[in-house]
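So the structure is just underneath, and the comments pick up after that.
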Amino acid sequence: MLNVLRRDQGTLEAETVAPGWKPGEDVIWIDLLTPTREEELAVEAALGLELPTVQEMEALEPSSRLYQEAGATFMTATLLAHADDALPTTTPVTFVLAGGRLVTLRYETLRAFTIFSERAAAKDAVSGAVALLGLLEAIVERLARVLDGTGNRVESASVSIFQRPPAGNFRPMLTDLAQAQSITGLTRNSLVSLARLISYAGLAPEIAGDAASRAHLESLQRDAQSLSDHAGHQAAHIAFLLDAALGLINIEQNGIIKFFSVVAVVFMPPTLIASIYGMNFDVLPELHWAAGYYMALAAMLIAAILPVLWFKRRGWL
């Protein structure tokens, strides 16, 4: 799908690609979302550039992700996708500044792109460089919002862990923490990749020659760095909560094992006494005692109480 944003236009509009397609003079942003090969070739022919392949977008080498070629600046970052779903993921996104226009190439629907396209007119996006800065700002804001939402889930899980009722179920809390850890890790990876892209974007002629754009870019770089640090602290907090939850689980399991061990020891002496009096001997003098039965019950009770008192004295109970 090929969408374009024109000056003074409120949102992206779908564009039909035909042989010999050319973007209008008022087009400042061309967005390729899971494009067909025909759409890629049309954009390449119209702008005189070669878009990176999916393999090149996914490459980890800086030379394959950040470079200048044919007067255009190519920048690829790995961004968080489907953050609100049960299984978030990351996806490579390429930004190209060429001929005063911004070209984006992506294969996932990203909320930040929708947000920026809806407010592009209000931001007075008059060039590709301004559109790029506004889009990067929307991406940073989106990642900040994801971190805030994840932080709320972590705090809720923290309260549940340390204020849970006895014998409560740890499974939901551990599941929430595991999901929060996954989202936080993916968000931090996106922020690191985005920070590298923002740093390289300053080399683009459209931005390097404009003081306002450079100042905006530096502000975005500081925001991305602070969010990356925040994500690191949040990941450490989640790790602590996971360790605390596992420690509490071990304590509860040890208490259960201790209880059953004590019960087994408590019933061992009565069992021994009952076994003795259950033996079939011809001569058992106690069987003829009038108080023998009550003495046996008293012996069982004493044998059960003494171990309990001993355990309490040792601090085991």
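General observations
- Selection of first residues in the range 166-177 that are at pLDDT 70 or above and of second residues that are of a type in the set (A, V, I, L, M) and loosely packed, with under 14 Cβ neighbours inside 10 Å, restricted to Cβ pairs under 6 Å at least 6 apart or on distinct chains, gives the following pairs, ordered by first then second residue: 170/249.
- Restricting the range 18-58 to residues that are in contact with a strand residue (DSSP E or B) (Cβ under 6 Å, 6 or more places away or on another chain) and surrounded by fewer than 17 Cβ atoms within 10 Å (Cβ to Cβ) leaves a set whose member that is farthest from residue 102 (Cα to Cα) is 58.
- Flag not set for residue 199, criterion: polar (S, T, N, Q) and touching a residue at least 24 places away in the same chain (Cβ under 8 Å).
- Condition check for residue 195: surrounded by 20 or more Cβ atoms within 10 Å (Cβ to Cβ), of a type in the set (A, V, I, L, M, F, W, C), part of a helix (DSSP H, G or I) and at pLDDT below 90: no
- In the set (1) surrounded by fewer than 16 Cβ atoms within 10 Å (Cβ to Cβ); (2) aliphatic (A, V, I, L, M); (3) more than 30 Å from residue 176 (Cα to Cα), the condition left unmet by residue 75 is number (1).
- Any hit, the range 257-264, residues being small (Gly, Ala, Ser), at pLDDT 80 or above and not assigned by TED's automatic domain parsing to the domain that holds residue 171: yes
- Residue match in the range 139-159 (condition: free of Cβ contacts under 8 Å to residues at least 24 places away in the same chain, assigned by TED's automatic domain parsing to the domain that holds residue 112 and aliphatic (A, V, I, L, M)): yes
- On the stretch given as the range 202-258, residues that are under 23 Å from residue 177 (Cα atoms), of a type in the set (Gly, Ala, Ser) and touching a residue at least 60 places away in the same chain (Cβ under 8 Å) total 3.
- Residue list for the range 118-160, restricted to those being among the basic types (Lys, Arg) and at pLDDT below 90: 119, 123, 153
- Filter pass, residue 56 being acidic (Asp, Glu), in the same structural domain as residue 200 (by TED's automatic domain parsing) and either out of contact with any helix residue (DSSP H, G or I) (no Cβ under 9 Å at 6 or more places or on another chain) or over 27 Å from residue 206 (Cα atoms) (or both): no
- Meets criteria (touching a strand residue (DSSP E or B) at 6+ places or on another chain (Cβ under 6 Å), part of a helix (DSSP H, G or I), more than 30 Å from residue 306 (Cα to Cα) and in the same structural domain as residue 71 (by TED's automatic domain parsing)) for residue 175: no
- Checked against (1) within 24 Å of residue 175 (Cβ to Cβ); (2) free of Cβ contacts under 8 Å to residues at least 40 places away in the same chain; (3) surrounded by fewer than 15 Cβ atoms within 10 Å (Cβ to Cβ); (4) of a type outside the set (Asp, Glu), residue 86 meets all criteria but (2).
- Against the test of being assigned to a helix (DSSP H, G or I), at pLDDT 80 or above and outside the structural domain of residue 75 (by TED's automatic domain parsing), the options 276, 302, 207 yield a single qualifying residue, 302.
- Selected residue (only one of 226, 219, 213 is surrounded by fewer than 19 Cβ atoms within 10 Å (Cβ to Cβ), part of a helix (DSSP H, G or I), in contact with an Asp or Glu (Cβ under 9 Å, 6 or more places away or on another chain) and not hydrophobic (A, V, I, L, M, F, W, C)): 219
The values are calculated or read from the model by the stated rules, or taken from the named source; none is laboratory data. Keep in mind that this is a model prediction, so the values were computed, not measured. So basically every Cβ, Gly included, is an ideal-geometry build from the backbone, and we count neighbours across all protein chains shown.
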